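Structure record follows, encoded as structure tokens.
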Amino acid sequence: MKIQILVDNPNSWITPYLKNLVSSIKQKKNCYVKLINSHEDVESGDVLCLLSCEKKFNKLNLNKYNLVVHESDLPEGKGWSPLTWQVIEGKKNIPITLFEANSLIDSGNIYEKINIKTSGYELIDELRFLQVEATTKLILNFIEKYPNIKGEKQKGKESFYCKRTKNSSELNILESIKDQFNLLRVCDNERYPAFFIIDNVKYLIKIYKDD
């Protein structure tokens, strides 16, 4: 069984977790597993996992299955950064969906859904760890069932999240920290730290838990 994992940005937050993912797959089944950072390097095979990809992958005919993990109850919450948006909305029980990539964004047949349960106090690194745990579980479940797998068409009303930028981390100086705590939780201290602006001067805020 040939499995490929494509992360088209080698600097993605998920990259440090990939070795453990590969190791978990190999322990589950005797598979050939390859990590890829370029769309052009994808080969023909059995399963392609598209994780944290920033560009649309079009060569879906190369592999029997092209898996995507999306942190929402599809077809609700299609689009960008669904986990982040739901944390900001105050949700603590967040669905994670494994589905088949197709020509449309986040619209393919669904294979499985599980939930991430949060306390409401995790910071971004802790949320990412929960996200990777769920991603790993979904992929391992799929591989264990392979090739006896059947997906189901998405049902229900779709909705979309827009793309977040560094400016999405801006705090409102007229609101309390408590009211903006969920936004603070999902800010990345290095890549897109929280900030506020007073009199055209920008100030950065970094958040850590005190051990």
Fill in: Using θ = phi - 60° and Karplus 6.51 cos²θ - 1.76 cosθ + 1.60, couplings along the stretch 76-81 (whole Hz; Gly, Pro as x)
6, x, 5, x, 9, 6
Fill in: Structure-based [θ]222 nm, the chain - -39500 (n - 2.57) summed over DSSP H runs of at least 4, per residue, nearest 500
-6500 deg cm²/dmol
Worksheet item: Considering only the chain, what is the antiparallel percent among its DSSP beta bridges, to the nearest 5?
Response: 50
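Accessible area per residue of the chain at 1.4 Å probe, in Å²?
58
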Practice prompt. Report, to the nearest whole %, how much of the accessible area of the stretch 101-198 belongs to carbon and sulfur atoms, 1.4 Å probe, protein only.
Written response: 53
Practice prompt. Using only the alpha carbons, work out the radius of gyration and Dmax of the stretch 99-211 in angstrom.
Written response: 18.8, 61
Fill in: Contour excess over end-to-end distance, with Cα ends at SER38 and TYR192 and 0.36 nm allotted per residue
53.0 nm
Item to complete: Let me see the pair-distance distribution of the chain: every alpha carbon pair, 5 Å bin width, integer percents in order.
Response: 1, 6, 14, 18, 19, 15, 11, 7, 4, 2, 1, 0, 0
Response to the item:
The helix 18-28 Cα axis meets the longest alpha-carbon principal axis of the chain at an angle in degrees, between 0 and 90 and rounded to 10, of 40
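What does the charge count around LEU104 come to, taking other residues whose C-beta lies under 14 Å from its C-beta (Lys +1, Arg +1, Asp -1, Glu -1)?
Result for the neighbourhood of LEU104: 0.
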Fill in: ³J(HN,Hα), Karplus 6.51/-1.76/1.60, whole Hz, each residue of the stretch 109-122, x for Gly, Pro
4, 8, 9, 6, 10, 9, 10, 9, 9, 10, 8, x, 10, 5
Worksheet item: Under the Karplus relation 6.51 cos²θ - 1.76 cosθ + 1.60, θ = phi - 60°, what is the ordered set of whole-Hz ³J(HN,Hα) values for the stretch 133-150, x standing for Gly and Pro?
Response: 4, 5, 4, 4, 4, 5, 5, 5, 4, 5, 5, 5, 7, 4, x, 7, 10, 9
Worksheet entry | Label-point gap, in nm, between THR15 and LYS153 - each point 7 angstrom along Cα→Cβ | 4.1
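The values are calculated or read from the model by the stated rules, or taken from the named source; none is laboratory data. For clarity, every value in this text was computed on a predicted model and none was experimentally measured. All Cβ positions, glycine included, derive from the backbone under ideal geometry; neighbour counts span all protein chains shown. Each accessible area value is taken on the protein alone, full model and side chains, heavy atoms only, with ligands, DNA and RNA left out. Shrake-Rupley method; radii C 1.70, N 1.55, O 1.52, S 1.80 Å.
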